[in-house]
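Report on the structure given below.
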Amino acid sequence: MTTRTIVEGIRDCLYQEMEHDERVMVLGEDVGKLGGVFRATEGLQDRFGTERVVDMPLAEGAIVGAGIGLAVSGLRPVVEIQFLGFGHQAFHQIGQQAARLRYRSQGTHGVPLVIRAPFGGGVRTPELHSDAFEALYAHTPGLTVVAPATAYDAKGMLAEAIACDDPVLFLEPLKGYRLVRDEAPDERYRVGFGRARIAREGSAVTLVAWSAATQVALRAADELAAKGIDAEVVELRSLVPLDTATVRDSVAKTGRVAVVQEAPLTGGFAAELAATIQQECFYELEAPVLRITAPDTPYPLAGVEDLYVPDADRVVAEVAALMAVPA
Amino acid sequence: MTDDAVVDALRYMTLARTFDDRATSLQRQGRFGTFSSVRGQEASVVGAASTLDPSKDWIVPQYRELPALLRHGLPLENFARYFMGNPAGTAIPDGVRTLPIQISLAAQLPQAVGLAWGLRRQGGDGVVLTYFGDGASSEGDFHESLNLAGVTGAPTVFFLQNNGWAISTPRAAQTAAPTLAGRASGYGVEGVVVDGNDLLAVHQVTAEAVDRARAGAGPTLIESLTWRAGAHNTADDPTRYVDPGVAEEWSERDPVTRVQRYLRARGVLDDTGFDRLAAQCAAEVERALAVASETPTACAESLFDHVYASPPPRVVQQRAAWTARQEGAI
Ligand SMILES: Cc1ncc(C[n+]2csc(CCOP(=O)(O)OP(=O)(O)O)c2C)c(N)n1
C-alpha cells in the first residue's frame, strides 16, 4: 500500500497495464513528452516509446474514431480527451459510433476502448473546460460510464476499464486529481463496476454523489454531524452500470435523500436517480428526493465558479431544510 | 486486369444492379425500407474492391457499396434482411473484414485510419479501403482523418466517390476546391483523380494505392468521378434537381455497358454469356430474398442482444420484462 493521489493512481495503472499487455496503447493530445496536461501519462513514452504512447493531432473526433479502429484491429487503446468539455468535438464518435458498433455488427466487433476525460470544476480553468456532461453519456446505450472518486478506485477501475470488451468513458475529477489522496496497493488489481460504496455510514439522511461531489458530500456530512444530523454518503463510482440496490438499501434505512451533482439541474444524472428512488423506494421516503445541483446555466468564469458548483455549506443548508420536512 | 477478373467484376456489378431493381420494387411494395442504389457507380465501387485481398484487407464502407461488401464476403441475404428491418441483417460473419454500413457521413473515416494503423502496428500488411462521397468530404471527420493518416502513415486508401450529388446538393455547392483529390497534398497524402465509370482505370489506380499502402509508403486519396444514375434513395425525387440532358450524357457512359462492350470486343463473352450471367444473378437475388423473408425478427431479445459484452443489471432486467410482455405475462 502506498498513499497516492488520483493522478498517481491513474499513471500507476497505465504503466502496469502497458507493462503487462503489449496491446495497450495511449493516445491523446500532449500525452507523450509532456505526460498530459495533468501528467497522468508522465513517463509512459520514455518507457514504452512513441509507437505506444502517441501525441495525436489536435482533433478529438479523430482521436476517438482512430481509437475505435485500433480497438477493432485487436489493440487496447486508452485515449485521453484533454477535458470532457471538448468531448462535444468527439461526441459522435463516442455516442454514435463506439457505443453501438457491437450492436450494429450483431456482436462481431466490440470496441474495447477506454476514453479518459477529466471533468467537473473547482480548479479555475478557462471557459469550456469544466463542464460535467456525464448525463449525456449515461444516456447513451452501449456505453459504460464510470467516475471514481478515490485513488484506490481510480487505479483499480482503470484496470477494469482496460480489460472491458466495451467502450468505457472513464471520468476523472479535475478537482480531486491532486487533492484526493488515499491508500492504493502497489500491485495490479481491479475494482469491478456497478458496486456503489458507502463512503460514510449514517442513519438520518442519504447523500448520493459521485466523483468530486463525493468530497463535498463528505464534508457536508461532517458539518451535519456537528448539528446532530447523521448523514450517510453513498458514492456511486459508476453511473452505468448503476448499483441501485445500495442506493435503495440506504434510502430504506434513512428515509430521506439528497443527490449532489456538479452538473446543471435539468436532465442531469441526479434526475435519473431521483426518478429511480421514487419508483423503487416510494413508501420508505419521508420527504421528496432533493437534488442539489448547479443552476441551468453554463459553467461560469473562474471568479464566480464557487457560486456555481454546490459546496458543503449549500449541502448542509439544503439538507437541514430537508430534515425539517415532516415525515 | 485479367479477363477472368473483369468477368468476376461484371458479375458483382450485375448482381448489384439486379438487387437494386428488386430492392426498389420491394420498397414500393412496402417490404423494404429506404434503399440507396449503386446504379451508375458499379465500376467505381467494384473496380476499387477488386484490388483487395479479403483474407487480410478491410473495407470500411459508407452505404452505397453493396457489391464491394459482397465480394468481401458479406452474404447477400444479410442485405436483404437489413432492408427488411431485421437486426440479423447487420450481422457480420466472423472473418469477414468489413465494418457495418455507415449512415453517419464520414464517421467511418477515422475508424478506417485507426484500423489500418492497428493492423500495421501488429505486424500485418493488410490495407484498409474506405468509401465515402463528395458530400461526406465536407465533414470534419474527413479532414481530421486525412491529416491523421498522413501523420501516422496508416495503410489507408480513401476512396471518394464524387457522384456529383449529396442528395440534391451539387458538387459545386459542396466546395470551391477545383478537385477533391487535390486536397490530399495539404495533408501530405497522395491524391489522384480517376474516371469512375471505367472499371479498368479504377482498378489500376486503386491497385497502385493499395500496393503503396501495403509497402508502407502511406495513404492515398482517390477521387473517382462518377454519376449516381438513379435517385439518392427510394425517398428522393431527382427530377426536382437533375438536368435530364446531363443525365442522358452520363447514361452513355454506363459502366455495365462499358464492361460488356469490352468483354465482347475481346471475345470473352457474347450475348449468351451475358444472359447466363444475368440469369445467375437473378437466381441468387431471389434465393437471398427468400432466405431473408424466412428469418424471424419479432423477438424482444433482438433489441437487447449485442449491446454490451456483459449487460448491466438494468439492461438484463429490461430484457426480461420485454420478453415477459411479449409472451403475454404482463
Ligand atoms: C452526418 C450526417 N449528416 C447528414 C446525413 C443525411 N444524409 C444522408 S446521405 C446525404 C448526402 C450524402 O452525399 P455523399 O456523401 O456525396 O454520398 P452519396 O449519397 O452521394 O453517395 C445526407 C446529407 C447523414 N446521413 N449523416
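Some notes on this structure:
- Of the criteria (1) in a helix (DSSP H, G or I); (2) over 30 Å from B:VAL202 (Cα atoms), which one B:VAL307 fails: (1)
- Looking at segment B:1-100, the helices (runs of 4 or more DSSP H) lying wholly inside it that each contain 2 or more residues that are closer than 24 Å to B:VAL291 by Cα sit at B:3-28, B:66-71, B:76-83.
- Checking A:SER203 against (1) more than 14 Å from chain B (Cβ to nearest Cβ); (2) within 16 Å of the chain's Cα centre (by Cα); (3) surrounded by fewer than 21 Cβ atoms within 10 Å (Cβ to Cβ); (4) assigned to a loop (DSSP other than H, G, I, E, B), the condition it does not meet: (2)
- Residue check for B:ARG183: among the charged types (D, E, K, R), within 13 Å of the ligand (Cβ to nearest atom) and open to solvent by 30 Å² or more (accessible area, probe 1.4 Å): no
- Scanning segment B:124-142 for residues that are open to solvent by 30 Å² or more (accessible area, probe 1.4 Å) and more than 14 Å from the ligand (Cβ to nearest atom), we see that the one that is farthest from B:VAL193 (Cα to Cα) is B:GLY124.
- Residue match in segment A:79-89 (condition: open to solvent by less than 30 Å² (accessible area, probe 1.4 Å), part of a helix (DSSP H, G or I), touching a strand residue (DSSP E or B) at 6+ places or on another chain (Cβ under 8 Å) and under 15 Å from B:ALA107 (Cα atoms)): no
- If you check B:ARG253, B:ARG264 for being more than 16 Å from the ligand (Cβ to nearest atom), in contact with a strand residue (DSSP E or B) (Cβ under 9 Å, 6 or more places away or on another chain) and of a type outside the set (Phe, Trp, Tyr), only one passes: B:ARG253.
- Selected residue (only one of A:HIS109, A:HIS129 is within 14 Å of chain B (Cβ to nearest Cβ), assigned to a loop (DSSP other than H, G, I, E, B) and touching a residue at least 24 places away in the same chain (Cβ under 8 Å)): A:HIS109
- Considering segment A:288-327, the residues that are closer than 22 Å to A:ALA226 by Cα and in a loop (DSSP other than H, G, I, E, B) include one that is least open to solvent (accessible area, probe 1.4 Å), namely A:PRO310.
Residue-wise test of (1) farther than 22 Å from A:GLN97 by Cα; (2) surrounded by fewer than 23 Cβ atoms within 10 Å (Cβ to Cβ); (3) within 14 Å of chain A (Cβ to nearest Cβ).
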{"residue": "B:ARG31", "(1), (2), (3)": "yes, yes, no"}
{"residue": "B:ALA43", "(1), (2), (3)": "yes, no, no"}
{"residue": "B:VAL46", "(1), (2), (3)": "yes, no, no"}
{"residue": "B:ASP53", "(1), (2), (3)": "yes, yes, no"}
{"residue": "B:VAL60", "(1), (2), (3)": "no, no, yes"}
{"residue": "B:ARG64", "(1), (2), (3)": "no, no, no"}
{"residue": "B:PRO67", "(1), (2), (3)": "yes, no, no"}
{"residue": "B:GLY73", "(1), (2), (3)": "yes, yes, yes"}
{"residue": "B:PRO87", "(1), (2), (3)": "no, yes, yes"}
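- The set of residues in segment B:93-114 being more than 16 Å from the ligand (Cβ to nearest atom) and closer than 19 Å to B:SER36 by Cβ consists of B:THR98 alone.
- Long-range neighbours under 7 Å by Cβ, at least six apart or interchain, first residue farther than 17 Å from B:VAL38 by Cα within segment B:250-264, second open to solvent by 60 Å² or more (accessible area, probe 1.4 Å): B:ARG264/B:ASP270
- Scanning segment B:289-322 for residues that are more than 22 Å from A:THR108 (Cα to Cα) and away from chain A (no Cβ under 12 Å) yields a count of 7.
- Filtered by the rule that a residue be farther than 24 Å from A:ALA151 by Cβ and not in a loop (DSSP other than H, G, I, E, B), segment A:224-246 gives A:LEU224, A:ALA225, A:ALA226, A:THR244, A:ALA245.
- Residues that are open to solvent by 10 Å² or more (accessible area, probe 1.4 Å) and within 16 Å of the ligand (Cβ to nearest atom) within segment B:143-161 comprise B:HIS143, B:GLU144, listed in sequence order.
- Test: residue in segment A:27-45 that is among the aromatic types (Phe, Trp, Tyr), in contact (Cβ under 8 Å) with a residue 60 or more places away in the chain and open to solvent by 10 Å² or more (accessible area, probe 1.4 Å): yes
- B:ALA172 meets all of the listed conditions (1) within 16 Å of the ligand (Cβ to nearest atom); (2) modelled with pLDDT of 95 or more but one, namely (2).
The values are calculated or read from the model by the stated rules, or taken from the named source; none is laboratory data. Note that this is a predicted model, so its numbers are computed, not measured. Because the Cβ atoms are built from the backbone with ideal geometry, glycine has one as well, and the counts that use them run over all protein chains shown. The protein model used for the area step is the full one, side chains on, heavy atoms only, and it has no ligands, DNA or RNA in it. Shrake-Rupley method; radii C 1.70, N 1.55, O 1.52, S 1.80 Å.
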